[in-house]
Amino acid sequence: MISRSHSRVRRLAAFGAIAASAALVLTGCSGGLAGGDSGGSSDGPIKLGMLAPFSGSEAAFGDYMKFGAQLAINEINEDGGVDGRELELVTEDDGCDATAAVAAANKLVSAGVEGSVGGYCSGATLPTLPVFKEAGISMVIPAANSTKLVGQGAFLINGTGTQQGKAAVAYAEKLGAKSVVLIDDNTDYSVDLANAFEEQAGSLNIVKRESVNPDEKDFGANINSVIGANPDFIYWTGYYQAGGLLIDQLRAAGYDGTILVGDGSVDAQLAAIAGPAIENVFGTFTRTPDMLEGGDAWVAAYTELAKADPGPYSMQTYEAVKAIAQAMTDAGSTDAEAVDKALLGLKAFPLLSGDLTFAEDGSREGGGFVIVSPTGEKGAFVLSDDLS
């Protein structure tokens, strides 16, 4: 769980008021929704598909996302469903692998899902876009946020790589960084985020860009190259497994400057892998329940359901379900064209993380990235700087 910080920015609206508001608008007449083109029934449950990693190195995020989605579905069903129809979650494992993701997406289509609320790894999410589009299935993506996903017909709950890169640049500028090194892991998400930083760097001095193979355990050659550039600020844009090893090896090689990590590394496991080397490490991330007023009630509800604490993207997946359910209600249909139009019509839709409005390209207006640090219990990330 990402622990509460004393410096958190407090929301004015309490969780209970938000939930009540969402329940009022989601409870409709019992006439039922018109179905779309995906093969779903117009009188049975509305199946929502979720692709997530339930195997491989990112498997923990699959359960974080699944229980976030299920919590939202339970709340909506308890309040009468969507126009009298209950929601049902159907999950498939994409293993954060592009080939596996396409096969899993086709399984969801065959299962008759009428909306998609999954997507963690950008590289695995990108090739599923045409699968869902051809099947006439609307996509609300909770976690994946590569700029390559923007403008492709999907809707992103998480801020984009461009928005995250802007926050990282702002933090580097705030610290007065003189020499910046960017390190990626060659994945779509990681390279995209490093590019976003570089493109918005302004007067910051980027002295080197380095790419590592995340399957390796010894990054000696990369680290020697980085140390030789004499940086005082490093932005790691890859995932936490390689990130923890990289941080440990950077410290062992004598680097004691600031290390900022992207949201793919914001997990307590980063500190577990890096050990004492985690000092002076920060991350770019969107706000989590522990940073928001009213978040305690949400965390309690999630924990009761999952029998475990929420993790990164639990809340975003919860909100993806809330958004697509509201859009289906507004559209009076699960037809993708009608639902997509309704998603664009959501203006300041109340969610725990803040009011939701989608831009015309499907990205979330604002982004909402802040700076977090792994200084909470057991290496949990807490709010460090809201960049205000």
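Using a probe of 1.4 Å on the protein chains alone, the accessible area found for Lys148 is around 110 Å². The structure-derived value of semi-axes √(5λ) of the Cα gyration tensor in Å appears in the list [x] 42, 29, 18; [y] 37, 27, 19; [z] 36, 21, 18 under the label [z].
Which value, in debye to the nearest 20, gives the size of the charge dipole of segment 41-93 about its Cα centre, when Lys and Arg are +1 and Asp and Glu are -1 at the Cβ? Don't skip to the end; give the middle numbers.
On the way: 3 positive and 11 negative charges, 23 e Å.
Using Cβ point charges on Lys, Arg, Asp and Glu, segment 41-93 gives about 100 debye.
What is the magnitude of the charge dipole of the chain about its Cα centre, with +1 placed on the Cβ of each Lys and Arg, -1 on the Cβ of each Asp and Glu, and no other charges, expressed in debye to the nearest 20?
Values: 24 positive and 50 negative charges, 138 e Å.
With only Lys, Arg, Asp and Glu charged at Cβ, the dipole is about 660 debye.
Based on protein heavy atoms only, the chain ends up with 37 Å² per residue of surface accessible to a 1.4 Å probe. Among Thr128, Ala59, Tyr171, which residue has its Cα positioned farthest towards the positive end of the charge dipole of segment 36-192, with +1 placed on the Cβ of Lys and Arg, -1 on the Cβ of Asp and Glu, and the dipole taken about the Cα centre? Sorting the options by dipole projection puts first Tyr171.
Return the carbon/sulfur percentage of the accessible area of the chain, one whole number, probe 1.4 Å, all protein chains in place.
C and S atoms contribute 49 percent here.
Quote the FRET efficiency, to the nearest 0.05, computed for Ala103 versus Glu293 with a Förster distance R0 of 25 Å and r equal to the Cβ-Cβ distance. So the FRET efficiency works out to roughly 0.05. Near the amide H of Ile46, within less than 5 Å, lie the amide hydrogens of Glu86, Leu87, Glu88, all on another chain or at least 5 residues away, with H placed in the peptide plane. Which residue fluctuates the most in the chain, going by a Gaussian network model with Cα springs under 10 Å, if the choices are Gly176, Gly81, Gly257? Maximum among the listed residues: Gly176.
Largest mean-square fluctuation among Ala103, Ala252, Ala170, in a Gaussian network model of the chain whose springs join Cα atoms under 10 Å apart, belongs to Ala252. Computed from the Cβ-Cβ distance with R0 of 25 Å, the FRET efficiency linking Ser211 to Ala359 stands at 0.25. By DSSP, the beta bridges lying fully in the chain are antiparallel in about 25 percent of cases.
GNM remark for the chain: springs join alpha carbons under 10 Å apart, and the peak mean-square fluctuation among Gly62, Gly254, Gly362 falls on Gly254.
Roughly how many debye, to the nearest 20, is the charge dipole of segment 273-388 about its Cα centre, given +1 on each Lys and Arg Cβ, -1 on each Asp and Glu Cβ, and no other charges? Intermediate values should be presented prior to the final figure.
Numbers: 7 positive and 18 negative charges, 38 e Å.
For segment 273-388, the charge dipole is close to 180 debye.
The values are calculated or read from the model by the stated rules, or taken from the named source; none is laboratory data. All values reported here derive from a predicted model rather than from experimental measurement. So basically every Cβ, Gly included, is an ideal-geometry build from the backbone, and we count neighbours across all protein chains shown. Side chains are part of the model used for accessible areas, which takes the heavy atoms of the whole protein and leaves out ligands, DNA and RNA. Shrake-Rupley method; radii C 1.70, N 1.55, O 1.52, S 1.80 Å.
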